[in-house]
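The values are calculated or read from the model by the stated rules, or taken from the named source; none is laboratory data. Small disclaimer: the values here were computed from a predicted structure and weren't measured. Quick reminder, even Gly has a Cβ in these numbers, built from the backbone with ideal geometry, and neighbours come from all protein chains shown. Accessible surface areas use protein heavy atoms only, side chains included; no ligands, DNA or RNA. Shrake-Rupley method; radii C 1.70, N 1.55, O 1.52, S 1.80 Å.
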Amino acid sequence: MRRAVVIIGAGQAGLALSHCLGQAGIDHAVLERGRIGERWRSQSWRSLRLLTPNWLNALPGSPYEGGDPDGFMSKGAFVESLERYAWQWHAPVETNVEVTSVKRTGDGFALRTSAGEWSARAVVVATGHCDRPVIPFSAETIRGPLSIHASQYRSPGELPGGGVLVVGASSSGVQIADELARAGRRVVLSVGKHTRLPRTWRGQDIFFWLCAMGLMAQRREDLANPEGARRQPSLQLAGRPDRADVDLATLQALGVELTGRVRGVGDREIAFAGDLGQHMAAAEAKQARLLDQIDRFTGVATPNRPEPIAMPARAEQLSLTDGSIRTIIWATGYARSLGWLEPLALGADGELAHQGGVTCVPGLYALGFRFLRKRDSNFIGGVGADAEAIAAEISRHLDCNGRKAA
């Protein structure tokens, strides 16, 4: 099969770009190894809701028009919205087609897939930021407890009975810990670097302020340390109908035991670093700086700030053999697995090397990655502007190479 453009991935990024290319009359196909929105379907827990309010989740050509702009969509409802979006704009999606190789050729790219050979003048990697689950310690060294990544967790009732250790206190870790504690489980939460923010502030969702102050639209070149910003942990928030905070304070109130980051795993016990207080203090300071920014933005000081979280007694190690911890859930993030991609496009670290989604390989682009062009590049509502920019880059590339159609 031959197309002018092949987009790899049919999540929000791939579908947004498909809309932009379709509006420009550019021939293309979207190849998806599973179903539309597959990672939302199969790599998240059942009760998950989006972290961002509905008003912030618009895709190109499809503004939010529902009756609950300040609500948080369930993952099932969001997948349905992606399917409707693809149908509405006649996105040329080929499902259950896995791309196993992309190589540069004389006039474009050759793609090897599970459904045969494809060729294209341009290729866009829209496989998302959450690609390969990362567990920093080999699960094979753990004896006794079930050891899974957060992407494999579904619900409390599908885990073995007994206590659960959750490793990681960003958005996934705190939400999973909250759900398990509310289900009556003993939960120990291993806390590393995290970003604490209030769900609502001055009567508005925190994302209202982040957008109003232009922070979500900040570009890499606007920042003194863009690489540090790219590596920041995800926000310690949850999209709950009651709009309540889910943070270390609320988890402590539910009986969740807090400890430091994991520093070692043996066959009989797991050991924790003594850095809990350090990480909590850093998160408090960062939150205070943001709330100070909001004060300056509004011109009115807020007298009542969130209370500092009390430093709890912490465990230095947990036994893996006494039966008290039956499950370990690693909410420790993701990495990209790009060994199938044109080698010239990869940096020394194995990541896709690009400037604003444009790689050094003519005709090869990226979309939907964290901080691709701006701070909200991997957010649902932020991918649209990036998609429009990448569509313009593709159009110029095709024009310079003589044609827009296959």
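Within the range 166-192, track down each residue that is farther than 19 Å from Leu51 by Cα and either assigned to a strand (DSSP E or B) or touching a residue at least 60 places away in the same chain (Cβ under 8 Å) (or both).
Val166, Val167, Ala181, Arg182, Arg186, Val187, Val188, Leu189, Ser190, Val191, Gly192
Of all residues in the range 52-71, those satisfying the criterion of being surrounded by 14 or more Cβ atoms within 10 Å (Cβ to Cβ), at pLDDT 95 or above and touching a helix residue (DSSP H, G or I) at 6+ places or on another chain (Cβ under 7 Å) are Thr52, Pro53, Leu56, Asn57, Ala58, Leu59, Pro60, Gly61, Ser62, Gly71. Could you say whether any residue in the range 16-28 is within 19 Å of the chain's Cα centre (by Cα), crowded, with 17+ Cβ neighbours inside 10 Å and under 29 Å from Gly173 (Cβ atoms)? Yes, the range 16-28 has at least one match.
Can you tell me how many residues within the range 1-15 are more than 18 Å from the chain's Cα centre (by Cα) and among the small types (Gly, Ala, Ser)?
Number satisfying all stated conditions: 1.
Criterion applied to Ala122, Ala77, Ala91 was being part of a helix (DSSP H, G or I) and among the aliphatic types (A, V, I, L, M), and the one residue passing it is Ala77. The condition of being touching a His at 6+ places or on another chain (Cβ under 7 Å), without any contact (Cβ under 8 Å) to a residue 40 or more places away in the chain and in a loop (DSSP other than H, G, I, E, B) does not hold for Pro303. For Thr332, the requirement of being open to solvent by 50 Å² or more (accessible area, probe 1.4 Å), in a loop (DSSP other than H, G, I, E, B) and touching a residue at least 12 places away in the same chain (Cβ under 8 Å) is not met. Looking only at residues in the range 344-401 that are free of Cβ contacts under 8 Å to residues at least 24 places away in the same chain, of a type in the set (Asp, Glu) and open to solvent by 50 Å² or more (accessible area, probe 1.4 Å), the one that is farthest from Gly25 (Cα to Cα) is Asp349. When Pro306 is tested against the conditions (1) under 30 Å from Arg154 (Cα atoms); (2) surrounded by 15 or more Cβ atoms within 10 Å (Cβ to Cβ); (3) at pLDDT below 95, the lone failure is (1).
Working only within the range 231-251, note down all residues that are within 16 Å of Glu179 (Cβ to Cβ), not in a strand (DSSP E or B) and not acidic (Asp, Glu).
Leu237, Ala238, Gly239, Arg240, Pro241, Ala244, Val246, Leu248, Thr250, Leu251
Among the residues of the range 229-255, how many are among the small types (Gly, Ala, Ser) and open to solvent by 30 Å² or more (accessible area, probe 1.4 Å)? Matching residues across the range 229-255 total 5. Restricting attention to the range 39-77 and to residues that are without any contact (Cβ under 8 Å) to a residue 60 or more places away in the chain and under 16 Å from Ala16 (Cβ atoms), the residue that is nearest to the chain's Cα centre (by Cα) turns out to be Trp40.
Reported count of residues in the range 137-165, each being exposed (fewer than 14 other Cβ atoms within 10 Å of the Cβ) and in a helix (DSSP H, G or I), is 4.
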